[in-house]
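The values are calculated or read from the model by the stated rules, or taken from the named source; none is laboratory data. This structure is a prediction, so every number in the text was calculated from the model and none was measured. Cβ atoms come from the backbone with ideal geometry, glycine included; neighbour counts cover every protein chain shown.
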Amino acid sequence: MPTSSEDAAHQSAQRNRVLLAASDAQIYAALAGEEARQRAGIELIPSENYAYPEVLAALGSVFTNKYAEGYPGRRYYGGQEYTDVIERTARSRARKLFGAEHANVQPLSGAPMNAAVYFAMLEPGDTVLGMDLSHGGHLTHGAPVSHMGALYHWIRYKTDPGNAGRIDFDALRELARTHRPKLIVCGYSSYPRDYDYAQFKAIADDVGALTMADVSHIGGLIAGGAMRNPCDYGFDFVTTTTHKSLRGPRGGMILCKNSFRRDIDRSVFPGLQGGPHMNQVAATAIALGKALQPEFKDYARQVLDNAKTLAAALLDKQATLVTGGTDNHMMVLDCVQSFGIDGRVAEEALDKISITCNKQVIPDDPKPPLRPSGIRLGTPAATTRGMAGVEMERLAGWIVDALRHHADEAALARLKGEVEEVCSQFPVPGIG
């Protein structure tokens with residue numbers, strides 16, 4: 001049964017909704033509309049998930065009101081007894097969960113999280129080895145359109161289509177020996193394989209480079225013991241967002257060796273940002289606490305099982321996946337080769353049947369980013385709602401049918417009804 005404090009929190013949240021509805025009908029309508037959209041359909045964007053209800057409660061808490069520039073025990077304002085509790089708790093849980101020596105939980109998001117590591121360890125013009133954007137890397141891994149791409153000298157490694165889309169470590173080793181990078185970044189935004197951290201570390205050691213793993217997509221899967229942990233391989237820095245597979249708030253976290261603690265903390269504050277968002281830090285602590293529970297391991301394994309089931313079902317229906325399968329929570333579907341349409345058309349067709357995905361470039365994509373060749377699909381959110389193998393197979397059928405009949409409005413309307421009927425059986429946490 002709910003405790004008196006839980007009842008009070010629920011009543012407070014309800015009062016706040018009533019106030020919002022009365023004071024700003026336009027924003028309230030958008031909020032209610034988004035809740036209805038999330039209930040009716042399913043999120044298959046790999047970077048999206050449904051936050052824990054307790055995380056939503058913390059984000060809307062009184063910690064929103066509090067400035068806390070600095071670090072626990074060393075703040076620039078008074079009244080910090082409770083902010084210090086939540087930040088120390090978040091850092092302790094992060095260290096325990098990932099086996100890290102130090103954790104900074106203040107980064108406001110993923111991009112500044114990675115920038116803080118670069119600013120701490122690099123000088124402008126230093127050489128960095130990072131994954132090519134079209135082969136699965138992220139904007140913050142040296143994409144030319146990003147500020148980080150302009151500030152440092154990035155050398156980009158690629159995958160090997162002839163080896164199920166895995167990283168070409170022979171080519172990566174040659175790049176490292178030729179260019180002698182100061183930092184080697186491994187991490188991805190659309191790479192459906194696990195990383196061979198041992199090979200990355202061996203190559204970095206060979207050329208005297210630092211190592212950084214950006215595990216933003218799979219942080220929860222690592223925390224749940226379902227995927228390899230770069231901390232176990234002696235990486236100097238590990239960064240992860242706190243939403244996605246961790247189901248926390250939108251934020252970032254930097255794990256590092258104690259020898260880099262001072263540099264990293266100074267880079268985050270005061271180097272890159274001012275006061276942390278303490279409501280976000282509180283929500284991060286909650287998500288990390290959830291990830292320490294035994295049932296989170298079951299969740300992480302189910303995410304992977306669902307991804308493999310979805311990938312296999314798509315392949316059975318003659319859809320082309322750029323890596324021929326998946327080792328993690330995501331897959332990239334080549335829509336041009338499979339259905340003769342680009343990713344934008346595919347994304348819009350799936351939107352019409354209440355399946356949300358995102359258009360995605362494929363390796364060395366000849367098409368532009370806003371009309372790329374593929375779409376990206378992932379299973380964390382569907383797994384959070386309780387979907388399993390049967391639902392993954394049905395999702396594959398709906399996806400293929402929608403893309404094959406993307407111009408048939410009657411067919412799309414029929415599929416939309418089927419999708420929403422199934423989704424109605426799986427409540428959204430925090431919404432119902």
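Below are the figures for this structure:
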{"read-out": "Cross-chain or 6+ apart pairs with Cβ under 7 Å, the stretch 163-184 first and under 28 Å from residue 123 (Cβ atoms) and outside the structural domain of residue 332 (by TED's automatic domain parsing), then part of a helix (DSSP H, G or I) and among the polar types (S, T, N, Q)", "value": "169/199"}
{"read-out": "Unique residue being under 21 Å from residue 55 (Cα atoms) and either out of contact with any Asp or Glu (no Cβ under 9 Å at 6 or more places or on another chain) or modelled with pLDDT of 95 or more (or both) when the list is 252, 271, 225", "value": "252"}
{"read-out": "Helices (runs of 4 or more DSSP H) within the stretch 371-432 that include 1 or more residues more than 26 Å from residue 244 (Cα to Cα)", "value": "389-404, 409-423"}
{"read-out": "Output for the stretch 242-297, where each listed residue is surrounded by 20 or more Cβ atoms within 10 Å (Cβ to Cβ) and hydroxyl-bearing (Ser, Thr, Tyr)", "value": "242, 245, 267, 284"}
{"read-out": "Residue ranges of helices (runs of 4 or more DSSP H) in the stretch 208-324 with at least 3 members more than 18 Å from the chain's Cα centre (by Cα) and on the phi < 0 side of the Ramachandran plot", "value": "261-266, 278-291, 294-316"}
{"read-out": "Subset tally (residues that are within 14 Å of residue 194 (Cα to Cα) and either among the β-branched types (Val, Ile, Thr) or free of Cβ contacts under 8 Å to residues at least 40 places away in the same chain (or both)) for the stretch 206-218", "value": "3"}
{"read-out": "Residue 69 outside the structural domain of residue 364 (by TED's automatic domain parsing), in contact with a Lys or Arg (Cβ under 9 Å, 6 or more places away or on another chain), surrounded by fewer than 18 Cβ atoms within 10 Å (Cβ to Cβ) and free of Cβ contacts under 8 Å to residues at least 12 places away in the same chain", "value": "no"}
{"read-out": "Filter pass, residue 345 being at pLDDT 95 or above, surrounded by fewer than 21 Cβ atoms within 10 Å (Cβ to Cβ), out of contact with any His (no Cβ under 7 Å at 6 or more places or on another chain) and assigned to a helix (DSSP H, G or I)", "value": "no"}
{"read-out": "Matching option when the condition is outside the structural domain of residue 245 (by TED's automatic domain parsing), closer than 21 Å to residue 49 by Cβ and not aliphatic (A, V, I, L, M), among 367, 317, 308", "value": "308"}
{"read-out": "Among residues of the stretch 309-326, those that are surrounded by fewer than 19 Cβ atoms within 10 Å (Cβ to Cβ) and at pLDDT 95 or above, counted", "value": "6"}
{"read-out": "Lone unmet requirement of (1) free of Cβ contacts under 8 Å to residues at least 24 places away in the same chain; (2) surrounded by 19 or more Cβ atoms within 10 Å (Cβ to Cβ); (3) of a type outside the set (Lys, Arg) for residue 369", "value": "(2)"}
{"read-out": "Residues of the stretch 117-134 satisfying the condition of being at pLDDT below 95 and assigned to a helix (DSSP H, G or I)", "value": "133, 134"}
{"read-out": "Residue in the stretch 42-67 that is nearest to residue 287 (Cα to Cα), counting only those that are in a loop (DSSP other than H, G, I, E, B) and touching a strand residue (DSSP E or B) at 6+ places or on another chain (Cβ under 6 Å)", "value": "46"}
